[in-house]
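The values are calculated or read from the model by the stated rules, or taken from the named source; none is laboratory data. Because the structure is predicted, anything quoted here is derived from the model rather than measured. In this analysis, Cβ positions are derived from the backbone assuming ideal geometry, glycine residues included, and neighbour counts consider all displayed protein chains. Remember, those area values only see protein heavy atoms, side chains included, never the ligands or the DNA or RNA. Shrake-Rupley method; radii C 1.70, N 1.55, O 1.52, S 1.80 Å.
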Amino acid sequence: MNISWTTQLKAAIAIFALLGLAACGGSGGSGTPTAAPVGTTVISGIVSDDPVAGATVTATSLGTSAVLGSATTGTDGSFSLNAITTQIGAGYTLTSSGGTMNGLPFTGNLSAIYPATANSQQSNVTIITSALAQAAYTTTQFSGSILDKQQAILNSAIARGLISNDYNLIAPSGVMLVDARNQAATVGLPATLG
């Protein structure tokens, strides 16, 4: 069965929505840029749909799969780590696991894929970045590197008005998240995934 990337993206968003990850406040990223030691890049952001406190965030190079660093999120979901710039390569993935959300254990995993050219101090990990990452890793409709696939999916979703260039912010514009949540609430998860 060949499932389109749009269906995969909507399904991933619906699953996260049903897990109770309601989008909330903020415009993303850490408030004040952090100075990095020479030869390193600060990778920072927020793990959120509601802030996930105490989560472990791991940055991994897309090119070499080398772990670039890890950090634990604060009570507001923020994290910051220093990565050796030359090890980042073309880009990096961020994965978040564990922690608590709204005082309850968070058992899900969130992820994001960022090119090395992205603002590394606004590397948020959210339901949208997770859905895009999942779609990039599973699509058969686009070819190239994971970054190429994610960019193709992103370009198509933006052109269709589903999300916008601010997709990585804590409160992005666009309709995909709202539509997926509404559909899951109205017809249920099986119909949303179908």
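Descriptive notes on the structure:
- Put a dot 7 Å past the Cα of Ala90, heading toward its Cβ, do the same for Gln141, and the two dots end up 2.1 nm apart.
- Phi-derived couplings, Karplus 6.51 cos²θ - 1.76 cosθ + 1.60 at θ = phi - 60°, listed residue by residue for the stretch 113-120: 10, 10, x, 4, 7, 6, 5, 5 Hz, with x used for Gly and Pro.
- Peptide packing: for 159-165, 127-133, 70-76, the average count of neighbouring Cβ atoms within 10 Å per residue gives the ranking 127-133, 70-76, 159-165, highest mean first.
- Backbone amide hydrogens, once placed in the peptide plane, bring Leu110 within less than 5 Å of Ser96, excluding anything fewer than 5 places away on its chain.
- Averaged per residue, the stretch 80-162 has 44 square angstrom of accessible surface, using a 1.4 angstrom probe with ligands and nucleic acids left out.
- Oblate is the label for the stretch 43-171. Its Cα gyration tensor axes, ordered a ≥ b ≥ c, give a/c of at least 1.5 and b/c at or above a/b.
- Mean Cβ count within 10 Å, highest first, over the residues of peptides 141-150, 56-65, 39-48: 39-48, 56-65, 141-150
- For the pair Ala159 and Asn119, a Förster radius of 22 Å applied to the C-beta separation gives a FRET efficiency near 0.45, rounded to the nearest 0.05.
- Here the Karplus relation 6.51 cos²θ - 1.76 cosθ + 1.60, evaluated at θ = phi - 60°, turns the backbone of the stretch 62-69 into coupling constants of 5, x, 10, 6, 6, 6, 8, x Hz, with x for every Gly and Pro.
- Applying 0.36 nm per residue to the separation of Ser70 and Ser97 and subtracting their alpha-carbon distance, the gain on full extension is 8.6 nm.
- Residues with amide H under 5 Å from that of Val125, placed H, sequence gap 5 or more: Ile46, Val47, Ser48
- Anisotropy class of the stretch 118-179 from Cα gyration tensor, a/c 1.5 cut: oblate
- Pair Val38, Thr56: separation of 7 Å Cα→Cβ label points (nm): 3.3
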